[in-house]
Each structure stands twice: as structure tokens, then as C-alpha cells.
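Take a look at the structure below.
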Amino acid sequence: MLRVFRRRLKQSRTIVATVGSEASLKDWSETLNRLVEVGGGAVSTSSGGSSPLPPLWFGLNYSGRSFGSSLTSPSILPLLGRSLRPSVNLGKDMINEEDEDDEDGVDKGIKIMHDEFYKCLTTGDVSGMSEVFSSHPSPSVSTIVDLGGRLDPWEVCLKDGNRPDGLDYFGLDCVVDGDKGYTTNIERDSVGNTLLAYQEWERREVGDEDGWNLVTHETIPWVGDGGGPARGMLKSDYRGCVA
């Protein structure tokens with residue numbers, strides 16, 4: 001899943017690496033050198049072999065300061081929104097190769113459903129939204145609900161005055177791993193604020209090459225050029241949205 005944030009890490013001039021416990025000091029050195037050469041991103045030095053210990057991840061910003069390390073998986077989306085914001089403002093008026101959709105790397109079936117999701121979101125199509133989402137609950141949404149968070153159903157979220165009319169999106173990036181898919185993109189609202197969006201997908205049926213459903217959609221404010229840290233996230237699944 002970390003790989004789908006590679007472009008976002010590069011846009012924030014951030015280095016994140018996972019290193020298997022079998023990795024040598026040479027592996028660490030080569031990992032850092034590769035990331036510095038490309039201006040940031042994510043890479044793994046794990047050999048893929050069996051190891052008695054979990055891999056370690058560590059992160060550096062481009063001034064050389066560490067912003068974290070752990071033996072557990074990093075929560076990349078909140079980390080980017082709160083601490084690792086883009087080094088420049090993002091928007092179609094400043095579009096460059098890093099903002100454009102990675103057309104060659106995006107699964108065509110996911111792209112179709114991704115566009116359909118945003119169409120339903122901005123036009124208030126509740127029925128269409130139910131066709132986009134999987135019927136499986138998102139664990140991240142369920143966690144918030146179980147802790148007492150309020151879940152607003154799509155009928156409420158997509159009402160006039162509630163839905164994000166005028167929302168634009170661009171910079172789609174995609175990683176497919178078997179019957180699971182992961183995407184990120186940039187959202188821009190009607191007044192020009194930018195957000196980082198992350199989606200998880202699953203195939204409608206095992207082995208289905210074209211059919212995908214959305215499992216979860218998450219967004220967090222992501223503003224460059226002196227923008228402040230994000231103070232909250234929005235998460236959604238087929239049931240609706242929690243913040």
C-alpha cells in the first residue's frame with residue numbers, strides 16, 4: 001500500500017523506506033542514495049525472504065531530519081496531511097508531469113469507477129454511489145463508529161448544500177495487488193483548497209479483470225506554500241461518511 005503514495009512523498013520531498021531485518025548497512029545506504037537521486041518517494045530493501053523480525057520503516061524530510069520510524073506500518077495519509085505537506089501549491093493551473101494522471105499505470109476498470117465515484121459525489125447521485133461501493137464495511141470507518149463517531153449516510157452527505165459541488169480532481173496514481181487496488185489523487189474544491197485523497201478497491205469477483213468496487217475513500221487537507229497542518233480527516237464507505 002505504501003507504494004501508491006510514492007508520488008505524494010516525492011511532492012512533499014520526503015523519503016520513506018522499509019528495510020527488512022535481514023538488510024545490511026549497505027542495503028540502507030543504497031536505499032537512501034536511490035531516494036535522494038529521485039527527489040523522494042518510497043522504496044523497500046526487503047529481499048522478500050523469510051525473516052524472524054518485521055521490517056523497519058524510517059522517514060526523512062529533505063532537510064535530513066527524521067520524522068518517524070517504527071516496526072509497525074506507518075499511517076501515511078494523516079502523516080502527510082499533518083506533517084509532510086507538498087513543497088509547492090498543487091492545482092491544474094500549475095499542472096506538471098507530477099500532477100497528471102499516470103495513464104499507463106492506472107487500471108482501466110479502476111479509472112472508470114474512480115470517475116464514476118466523483119460524478120456521483122458532485123451531482124448527488126445516491127443510487128449511483130451504491131453501485132460504486134462494495135458492500136463490505138471499511139475497517140477504518142468501523143473503528144471510528146465503534147468509538148462513538150457519527151456516521152452520516154450518503155442520503156445526507158449528498159444533499160444540496162452538503163455535497164462538494166465544483167470539486168475537481170486530478171493526478172490519479174494506482175497500484176494493483178492481486179484482487180486489491182489502491183489509488184491516490186489530488187482534490188481541489190470550488191475555492192481552490194487542495195486535499196489528498198486515498199482509495200482502496202476490491203474486485204467484484206475474484207479474478208474479474210475489469211470489475212472493481214470502492215471499499216473506502218479517505219481525504220485530508222494537503223496544502224503547500226505555508227499551509228497549516230490538517231486538523232481532521234474524512235472517511236467513507238458504502239454506509240456514508242465519518243469525520
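The values are calculated or read from the model by the stated rules, or taken from the named source; none is laboratory data. None of the values given here were measured: they were computed from a predicted structure. Counting neighbours? That spans all protein chains shown, and the Cβs are built from the backbone with ideal geometry, glycine included. Only protein heavy atoms, including side chains, enter the accessible area calculation; ligands, DNA and RNA are left aside. Shrake-Rupley method; radii C 1.70, N 1.55, O 1.52, S 1.80 Å.
Elements of the type strands (runs of 3 or more DSSP E) sitting completely within region 11-123 and holding at least 2 residues that are modelled with pLDDT of 60 or more and either charged (D, E, K, R) or exposed (fewer than 13 other Cβ atoms within 10 Å of the Cβ) (or both): these cover 66-70. Look at (1) closer than 20 Å to Ser130 by Cβ; (2) among the charged types (D, E, K, R); (3) open to solvent by 50 Å² or more (accessible area, probe 1.4 Å) and you find that Arg150 fails only one, number (1). If we scan region 172-180, do we find a residue that is in a loop (DSSP other than H, G, I, E, B), hydrophobic (A, V, I, L, M, F, W, C) and open to solvent by less than 80 Å² (accessible area, probe 1.4 Å)? Checked region 172-180: no residue is in a loop (DSSP other than H, G, I, E, B), hydrophobic (A, V, I, L, M, F, W, C) and open to solvent by less than 80 Å² (accessible area, probe 1.4 Å). Within the option set Leu195, Leu167, being on the phi < 0 side of the Ramachandran plot, open to solvent by less than 70 Å² (accessible area, probe 1.4 Å) and within 16 Å of the chain's Cα centre (by Cα) holds for one residue only, Leu195. The single condition among (1) open to solvent by 60 Å² or more (accessible area, probe 1.4 Å); (2) at pLDDT below 95 that Glu155 does not meet is (2). Looking across region 197-219, the residues that are modelled with pLDDT of 95 or more and not charged (D, E, K, R) come down to Ala197, Tyr198, Gln199, Trp201, Trp212, Asn213, Leu214, Val215, Thr216, His217, Thr219. Among the residues of region 228-243, the one identified as of a type in the set (A, V, I, L, M), modelled with pLDDT of 95 or more and open to solvent by 60 Å² or more (accessible area, probe 1.4 Å) is Leu234.
The test for being free of Cβ contacts under 8 Å to residues at least 24 places away in the same chain and hydrophobic (A, V, I, L, M, F, W, C) does not hold for Val175.
All of (1) surrounded by 20 or more Cβ atoms within 10 Å (Cβ to Cβ); (2) in contact with an Asp or Glu (Cβ under 9 Å, 6 or more places away or on another chain); (3) in a loop (DSSP other than H, G, I, E, B) hold for Thr183 with one exception: (3).
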